[in-house]
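First up is the structure itself, then whatever we jot down about it.
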Amino acid sequence: MRIVVKIGTSTIAPGGIINVQRMRALIDQLGQLDRLDHAQHEYLIVTSGAIACGMSAIGLTERPRDVPRMQACAAVGQSMLMRLYERLFYGTKPVAQLLLTSDDFTSDVRYKNLQNALHALLALGAIPIVNENDSVSVQELEGAFGDNDQLSSLLAKAVKADWLILLTDVDGFYMPVAGAKNGERKLLRTIRKITPEIEAACGSTSNLGRGGMISKLHSARTASESGVNVAIVSGQHPRAIPAAIERKTGTYFPPTMTGKAKPRTQKAKKQDAGKRA
């Protein structure tokens, strides 16, 4: 399978401080999924957190409000992120940095060049590490991609991914319980259609990120309409990535494009074969 994993700011750098242990646990889950399915899957990682990491290195406790200082934080933090990913993969796989802007998806020529580069990297066994080009693109700093949520869905569409896993700081999408007076909310395990009522139930954005749940819903819609399976899941779950694909945690958005079915794991295929026998 080809899997895009989006790691949000609240996951990679809660409170503006990079969480190496959590990142290591997430990267280790990729190997766990390969062993579970007895297959070598292809992974692309869309990572937020450059500005938050830069803030920590520079000594800022609050996110800058002016664009030049946000650009500076992004430039400092991006190099920290890439050094982290290089260490976390232990040299077992090469990692490749791609810093993108919205123009890479709206220009036909640039879009084709991007697809060619991504397919070549995957064929060579590399892990593309993708982020917004915050250090030079003011448009991105003003929220063109919504904390990389929309970027991850566009990337999943560009590479015809099987799955898009949106890692965040909540267990999935929560909907208010009708008639409840204490603000009770329930986790929706599957969303087949994003309605105005579901959009209205979204909360605010995080302190360090720019996305929030509404951005993730829009990302899920973009990807699922392109035939991609999508899951919103907590990055703190000990098996966040494999459990999301097994549909044992998070909120699942099935693909809505005709002819694209949810891929099955090798374990599910063996179970089906046993039933036929």
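Computed from the coordinates by the stated procedures, all read-outs in this text should not be read as laboratory data. Note that the structure is predicted; figures quoted are calculated from it, not measured. All Cβ positions, even for glycine, are placed from backbone atoms using ideal geometry, and neighbour counts span all protein chains on display.
What does the charge count around Arg110 come to, taking other residues whose C-beta lies under 13 Å from its C-beta (Lys +1, Arg +1, Asp -1, Glu -1)?
On the way: positive: Lys112; negative: Asp103, Asp104, Asp108.
Spelling it out: positives minus negatives among the neighbours equals -2.
Let's test the formula: R0 of 41 Å, r as the Cβ-Cβ distance of Asn113 and Asp171. What FRET efficiency results, to the nearest 0.05? Show your work: numbers first, answer last.
On the way: r = 38 Å, r/R0 = 0.93.
For Asn113 and Asp171, the calculated efficiency is 0.60.
If r is the Cβ-Cβ distance from Ile17 to Gln97 and R0 is 25 Å, what FRET efficiency results, to the nearest 0.05?
Numbers: r = 22 Å, r/R0 = 0.88.
Between Ile17 and Gln97 the formula returns 0.70.
Sequence-distant or interchain residues sharing an amide H contact under 5 Å with Glu42, placed H: which?
Amide H neighbours of Glu42, under 5 Å, 5+ apart: Arg2, Ile3.
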